[in-house]
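The values are calculated or read from the model by the stated rules, or taken from the named source; none is laboratory data. Nothing here was measured: the structure is a model prediction, and the numbers come from that model. Cβ placement follows ideal geometry from the backbone for every residue including glycine, while neighbour counts extend to all protein chains displayed.
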Amino acid sequence: MLHIYREPRVYSGASCILCKVVISLSDIKELERKVLKFLFNHPWEYVPGRVLQGLFGVDHNTLQKIINRLRRKGFIIFSHRRKGYLFKVPDDLSRAQDFMISALVGGFWWHAEYFSLVTSTRDMAKEYAEDWGVPSGFMIVAEEMTDAKGRFGKRWYAPEGGLWFTIVLRPKRFDVLALIPIAMTAAIADAIKLITDIAVKIRWPNDIIHNNRKLGIIVVEPNIYYDRINYVLLSVFLNVNNKIPKNVSDIGISLKELWGKPVPRVVLYKVIIHHFAQYYYYLKVKLHNLVLNAWRRHSETLGRYVRIETPAEVIEGRAIDISSDNALVIKCKDGREILVYPDEVRKLTYIEESSS
């Protein structure tokens, strides 16, 4: 049942008549954050535009600009001429496609197929990619997985309440393929910050972290024939509202535990896809630095002293940057700079500077 938000009396009448002012981009972003927080506190209610104008000291045009910016980032905000704005926060993943991007974004259409229970979204997406030839942007979304695996076949617990999905991508260039993990981890961190105001970190090469506890991982599996990329499977496993098993509660955590209340998964999913679509587009048009800089903003690894175990050797040094092909740049104690690629890494740990 929908409700109409009843504004406090202080905002009625002439108190909502505001002077037009020039607002900077930084002010717009701050207002965007405040408006979003207010809407999250009043979901499924119509909030009159004059209430938002009075609360945040903006005119109609500025408010509309903020609402449109939030819509472009994936938030589901309906407007009614008389009633105002309605913020939808659905959590039913079976309706994910209903709220999916309704236009061509990132160069292709996005489509989500939902299943209540699968062994693995990756396995099902692989079948669709190989047997049905689905295009870029096709996604398998599941409520629960019984046999989810991360890198090197490590088991991932994926019960009801999490966000588990796999995207089929068909990039034509290898430089795009290399930075798909960078684009998705940055998109996840952006989306979580925007929705919950929680600053999560990215641990290279594929982990989403908060205070040394794992929120999620991404797994990229390309299918390559000689010098041609047939398809790429991009899997996202993110702890949202699901319970963390006691045996891994010291190393794992959910967004619900961090935020203190359930996170609307469809909204989170849609915002992640919007951010990723934008970054993927940047990769396609060779604006790699925009994606790399977004990743750098969220990186937990850069600036830290690390020990990386590879099949051939153990490398120690300070992680100073990420390269344009997703290699971690390590500056060793002897001054050498070494590039380490994700498929070489068996284990990455942080060490004290004195021991490097």
Which condition does Ala319 not pass, out of (1) in contact with a His (Cβ under 6 Å, 6 or more places away or on another chain); (2) surrounded by 15 or more Cβ atoms within 10 Å (Cβ to Cβ), if it passes all the others? (1)
Assuming Leu177 fulfils every condition listed in (1) assigned to a helix (DSSP H, G or I); (2) touching a residue at least 60 places away in the same chain (Cβ under 8 Å) apart from one, which condition is it? (2)
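Conditions (1) among the small types (Gly, Ala, Ser); (2) surrounded by 23 or more Cβ atoms within 10 Å (Cβ to Cβ); (3) free of Cβ contacts under 8 Å to residues at least 40 places away in the same chain; (4) not assigned by TED's automatic domain parsing to the domain that holds Leu238, marked per residue:
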residue: Tyr128; (1), (2), (3), (4): no, no, no, no
residue: Val141; (1), (2), (3), (4): no, yes, no, no
residue: Ala148; (1), (2), (3), (4): yes, yes, no, no
residue: Arg151; (1), (2), (3), (4): no, no, no, no
residue: Tyr157; (1), (2), (3), (4): no, no, no, no
residue: Ile182; (1), (2), (3), (4): no, yes, no, no
Counted residues in the range 39-78 being of a type in the set (Ser, Thr, Tyr) and either within 26 Å of Phe276 (Cβ to Cβ) or not in a strand (DSSP E or B) (or both) come to 1
Mind telling me which of the residues Glu300, Glu309, Glu337 ends up being surrounded by fewer than 13 Cβ atoms within 10 Å (Cβ to Cβ) and at pLDDT 95 or above? Glu337
Which residues, counting only those in the range 201-226, are β-branched (Val, Ile, Thr), out of contact with any Pro (no Cβ under 7 Å at 6 or more places or on another chain) and surrounded by fewer than 24 Cβ atoms within 10 Å (Cβ to Cβ)? Ile209, Ile217, Val219, Ile224
Looking at (1) touching a helix residue (DSSP H, G or I) at 6+ places or on another chain (Cβ under 9 Å); (2) basic (Lys, Arg); (3) at pLDDT 95 or above, which is the only condition Lys126 fails? (1)
Reported set for the range 23-37 where residues are farther than 13 Å from Asn68 by Cα and in contact with a helix residue (DSSP H, G or I) (Cβ under 7 Å, 6 or more places away or on another chain) is Ile23, Lys34
Between a first residue in the range 281-294 that is assigned by TED's automatic domain parsing to the domain that holds Ile202 and a second residue that is of a type in the set (A, V, I, L, M) and at pLDDT below 95, which pairs have beta carbons less than 8 Å apart while being 6 or more apart in sequence or on different chains? Tyr281/Val105
